[in-house]
Amino acid sequence: MPAGNRIERLGRLIQEKIGGLIVDGTIKDPRVDSFLSVTRVDVSRDLSYADVFISSFKSEEGLAKGVEGLQSAAGFIQSKLAGVMRIRQTPRLRFHTDMGLRLGFELNQKIDELVKDKPETESD
């Protein structure tokens, strides 16, 4: 399906560009820092909006503030995207928290603790 591929490519491009804006410090909102990560972008079929999922190693509160900062800068981010994307209309951006990265990190820490606490057994 060519339309599906186009939407996926557009989502990856938006993910890459927003990630670059975050890392470069182009977004001047103090709530947005370089610890935020764009985990996925879901673009609607009619290209009218894009749901951008953000994750971080920071606390839930820090992540929520970062997402608020990105949402308040959505118009600025859209204008930056419009400058680099070759489409008629840039999708409206909606930012959401994604706890997956943080939960995965915490799970790895718990596994490491269990492995470290496990008594070593003798091998045959």
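The values are calculated or read from the model by the stated rules, or taken from the named source; none is laboratory data. Since the model is a prediction, treat every value here as computed from it, not as a measurement. Virtual Cβ from ideal backbone geometry, glycine too; neighbours counted across all protein chains shown.
Observations
- Pair list, Cβ < 8 Å and 6+ apart or interchain, from segment 35-49 residues that are surrounded by fewer than 15 Cβ atoms within 10 Å (Cβ to Cβ) to residues that are modelled with pLDDT under 90 and part of a strand (DSSP E or B): 35/56
Conditions (1) without any contact (Cβ under 8 Å) to a residue 40 or more places away in the chain; (2) of a type in the set (Lys, Arg); (3) surrounded by fewer than 10 Cβ atoms within 10 Å (Cβ to Cβ), marked per residue:
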position: 33; (1), (2), (3): yes, no, no
position: 53; (1), (2), (3): no, no, no
position: 56; (1), (2), (3): no, no, no
position: 67; (1), (2), (3): yes, no, no
position: 84; (1), (2), (3): no, no, no
position: 94; (1), (2), (3): no, yes, no
position: 107; (1), (2), (3): yes, no, no
position: 113; (1), (2), (3): yes, no, no
position: 116; (1), (2), (3): yes, yes, yes
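- Residue 46 touching a strand residue (DSSP E or B) at 6+ places or on another chain (Cβ under 7 Å) and among the acidic types (Asp, Glu): no
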